[in-house]
Each structure stands twice: as C-alpha cells, then as structure tokens.
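Down below is the structure, laid out as structure tokens.
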Amino acid sequence: MNIFNILTKFINRSLNQEETRVLEQIKKGNGNNSRLFSIVKDYFSYKAVDLSAADKERVFEKIKLNTGNFTYTDHKPFLKKRITKLNLATYAAVASVALLISIGLWKYVTDNQGELNILIEAPLAQTREVVLPDSSKVWLNGGASLRYGKNYLKDRKVSLTGEAFFDVRKYNKATFRVLVNEFNVEVLGTTFNIKAYKNQHSEVKLYTGKVNFEVPSLNRKITLKPMEEVTYDPLTKEIQVSSFEKDEYDWRSGKYKFTDKPLKEIIAILNQNYSVTILLSEEQLGESMFSGAIGKDEPLADVLDKICISTGLNKTIEGDSITLY
C-alpha cells in the first residue's frame, strides 16, 4: 500500500477503514515512515494554510522526487515483514523539501487568498459566535470555518466553509464580501444565512437588506431581496431563486421560535422530532395559537407543560400516545 496515497487521503479526510488501520500502524511505529507522517501532519495541520487538492498533490510530488516512491508493508502478528526504510540522508531530504515547500506554498496561498490567514473554526456539533473588527457578527454552525485577513478593515473580505449566519454592519461604505467555493456574496449591511458544504447544494437566504450573489465562472450575478433565497448546484451549475417564509428553527440557539403558531402545526413538529403520537381531543383545538420558544433538545414533558400552560389545556398519557384536551 503506497504511503503517499495513505498520507494524501489522510490530509483530504478520505481514508477508508482499511487505510485508517494502516495509518494507525504507521503512527505507532518509530521508524522513518512514522517520521515522514509527522512531517506531513505538522505541515498540513498549520491552520493558516488551506491548500486545494491540486496544491496538496504538488507537495507530495515534490517529496516523492526526493525520497522515491516507496511503499508501506503491513506487519501482522507473528509475521516479520520488512518495512521499506528511508536512509538518514533521504529523511533529511524529506525534511528539507517539506520546509522549502512550506515556505513556497505559504507564499502561493497567501498571494492567491489575499492573505486570509486568520482562521476561526466551530467545533463539530457546536456553534460559535464571531465578532469581526468592524463589529459585524458571524455565527458559525458546527464544523464551519471562517477566514479573514489582518487588513480586514481595508478590504472587508472573508471566506467561508460550511454554514454561517451573518449580521453585517455598515462600515465606511465599504463592501462586505463572502467567498464560498465557486460563488461570492456581496453586501453593504444586512443579515443573511449561507450554507455551503463541499459537493452539496449551496444556499443563501436573505433576511434583511440586499445582497448580490455571483458565480464568476458563469458570469452570473443575481440581486436578492429580503425573504428570497438562492440555491446553487456546483455539479449542474443550476441556479434557482425563490421566496421563503421566516425560519422558525434557529440553529444558532437550537430553539424553535413560534409567534401565533396554530397548535396543530406545532404538534406535527413535535410528533416528528420526538417520535411520539400527540393527539387533540377536539379538532378545533388545533386552531389555538401558541407563541414561545422550544429548545430542540428540550425534554418532551417540559415542552408539553409549556404548551398546556400557554393554551389552558391539559394532557393525558396512555402508553406512547398523548392527548391534549
């Protein structure tokens, strides 16, 4: 199994189960394979650099030229198999190449990204609020990342991976731009949400203000008005614009926020989220209005108490069935 293929997939987070097992063997070893892994890991884990697949491939090609295309041989219990070794001179070459590549590619990346070298990430399954130097606020959904440069106040430009909600403040009439994969979003002062994951439909929802959605490769620019959204398919290059109603679920707080919502619609949401059966003793009760916030992970018993207090109803529980009356 080729160690360079293993390391490339490690960097791109595309290892399968068998390749992950092989990598664990490499990491636990104390030979040159393990040291090579450490060099590559340290280089690519430098958070200020977000290399494209082509850049990563270029790194390994340069390393291969200085080390040779050697393979990692698995060693099973009770079987002694030879692991191809790098001699000391070759290992030194690897370290030197890694250093040179680091310097060269760092310059390449900063030149092409406009020195967007300040990285902020949200941990998986958590959200993170970011206040930018112009007091604009960004909420990052779990696993999302945002970059901006040290000269941000002169060039209000950020890049986004994942999902984020923006509350952009006006600042010296300077345009605010979000760079996302193949498209850009340009605004002055507004609130909007962007969802852009690799190889998935991207989505921009505008709540207030005005934004320009642009796909440079298609020479397409679309201006969105409040309560309009645009979806973009990176594979088919298809762009669709439509209207939407204000979202009731706010992923930033993990809560549903209802204002005069018919009880029958709330019950439908609860039945789906909690996998239960909630019934109404009389059909007309479904037209009762409820206003309030319900946490997505809030215990069902607490949610039902909140609804009953607000609407003046009571509840009975029989097995998995709950009836409001």
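Of note:
- About its Cα centre, the stretch 156-252 has a charge dipole of approximately 600 debye under the convention of +1 per Lys or Arg Cβ and -1 per Asp or Glu Cβ, with nothing else charged.
- Between T277 and I322, the built amide H atoms are under 5 Å apart, and every one of these is 5 or more places off in sequence or on another chain.
- Subset of K137/K306; K264/K306; K225/K246; K154/K195; K173/K198; K221/K255 violating a 24 Å alpha-carbon distance limit: K137/K306; K154/K195; K173/K198; K221/K255
- Placing +1 on the Cβ of every Lys and Arg and -1 on the Cβ of every Asp and Glu, with no other charges, gives the stretch 108-222 a dipole of roughly 340 debye about its Cα centre.
- Computed packing ranks the peptides 151-160, 171-180 as 151-160, 171-180, most packed first, by mean other Cβ atoms within 10 Å.
- Shape category assigned to the stretch 275-325 from the gyration tensor of Cα positions, a/c cut at 1.5: oblate
- Positive contributions from Lys and Arg (+1) and negative ones from Asp and Glu (-1), summed over other residues with Cβ under 12 Å from the Cβ of D155, come out at +3.
- Tensor-based shape of the stretch 134-230 (alpha-carbon gyration tensor, a/c under 1.5 rounded, otherwise prolate or oblate): rounded
Taken together, the values in this text are just the output of simple stated rules run on the coordinates, not laboratory data. Owing to the predicted nature of the structure, the values given are computational and were not obtained by experimental measurement. With ideal geometry, Cβ positions are generated from the backbone for all residues, glycine too; neighbour counts draw on all protein chains shown.
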